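Everything on this sheet refers to the single structure shown next.
The values are calculated or read from the model by the stated rules, or taken from the named source; none is laboratory data. This is a predicted model, so every value here is computed, not measured. Note: ideal-geometry Cβ built from the backbone for every residue, glycine included; neighbour counts use all protein chains shown.
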Amino acid sequence: MDEAEKRFITAIDRSNPDKPVLTLDKPLEFKHFAKTQYFGTDEFDMRAEVGLLSRNVVFRGDPETSEANEYGATIFLHSMGDDSLTARLSYIELNHVGQAFKLGRYAVHFHMIGNVHNSYVKGNSVHEGFNRAFTFHGTSYLRLTDNVVYNVKGHNIFIEDAVERHN
């Protein structure tokens with residue numbers, strides 16, 4: 001937990017397509033264990049998690065003040081009932097999002113919508129956030145897949161009331 005490291009890829013050597021080699025902007029400070037271990041019949045995948053934070057489309061709080069005030073941008077989704085809202089958030093970068101210590105002001109907040117069969121949150125990155133990454137409140141059937149969260153205060157994925165189903 002205390003050894004997460006953020007680095008920038010400066011080059012990719014693809015001379016061996018089966019094993020590309022990444023060059024980072026600076027060396028890693030910590031050893032990162034990467035092996036699948038077996039204990040009897042139990043298998044434990046101990047490989048380090050790596051997530052790409054950058055995306056071509058960026059949704060962010062004010063770069064001048066958000067970090068100092070812990071007050072960033074939010075995406076708040078609400079409607080009057082079942083399947084009356086469709087939200088498809090895919091492959092965007094959310095940076096300096098959420099508002100610290102503000103109830104309901106999370107990076108992405110699905111609020112009291114009911115069923116959202118046609119909605120999804122897929123392939124996004126949320127980083128340097130001030131209040132949770134994804135919140136489902138009174139929302140069911142939402143698909144949340146292949147997202148990356150890094151350095152966000154509070155729960156990364158927050159299911160608010162336990163009435164949410166089939167997410």
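Values computed for the structure shown
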quantity: Strands (runs of 3 or more DSSP E) wholly inside segment 100-167 containing at least 3 residues that are hydrophobic (A, V, I, L, M, F, W, C) and under 27 Å from M1 (Cα atoms); calculated: 148-152, 157-159
quantity: Hits in segment 24-58 (condition: in a loop (DSSP other than H, G, I, E, B) and charged (D, E, K, R)); calculated: D25, K26, E29, K31, K35, R47, E49, R55
quantity: Residues of segment 87-100 that turn out to be over 13 Å from A73 (Cβ atoms) and polar (S, T, N, Q), as a count; calculated: 1
quantity: Search result, residues across segment 49-68 that are without any contact (Cβ under 8 Å) to a residue 40 or more places away in the chain, out of contact with any helix residue (DSSP H, G or I) (no Cβ under 9 Å at 6 or more places or on another chain) and loosely packed, with under 14 Cβ neighbours inside 10 Å; calculated: E49, V50, N56, V57, V58, P63, E64, T65, A68
quantity: Residue within segment 85-92 that is of a type in the set (K, R) and either surrounded by 13 or more Cβ atoms within 10 Å (Cβ to Cβ) or over 28 Å from E164 (Cα atoms) (or both) present; calculated: no
quantity: Whichever residue in segment 1-16 is under 21 Å from F30 (Cα atoms) and among the basic types (K, R) and, among such residues, is surrounded by the most Cβ atoms within 10 Å (Cβ to Cβ); calculated: R7
quantity: Filtered residue count, segment 91-104, keeping only those that are within 16 Å of the chain's Cα centre (by Cα) and charged (D, E, K, R); calculated: 1
quantity: In segment 101-147, residue surrounded by the fewest Cβ atoms within 10 Å (Cβ to Cβ) [restricted to those that are under 13 Å from T74 (Cβ atoms) and either hydrophobic (A, V, I, L, M, F, W, C) or touching a Pro at 6+ places or on another chain (Cβ under 6 Å) (or both)]; calculated: L103
quantity: Segment 1-16: number of residues that are in a loop (DSSP other than H, G, I, E, B) and either over 27 Å from N124 (Cβ atoms) or in contact (Cβ under 8 Å) with a residue 24 or more places away in the chain (or both); calculated: 6
quantity: Residue within segment 147-167 that is over 23 Å from E64 (Cα atoms) and of a type in the set (S, T, Y) present; calculated: no
quantity: Output for segment 76-99, where each listed residue is under 15 Å from I157 (Cβ atoms) and assigned to a strand (DSSP E or B); calculated: L89, L94, V97
quantity: Residue match in segment 17-34 (condition: free of Cβ contacts under 8 Å to residues at least 12 places away in the same chain, outside the structural domain of S119 (by TED's automatic domain parsing) and within 23 Å of V126 (Cα to Cα)); calculated: no
quantity: Residue count, segment 148-167 (criterion: polar (S, T, N, Q) and under 24 Å from G72 (Cα atoms)); calculated: 2
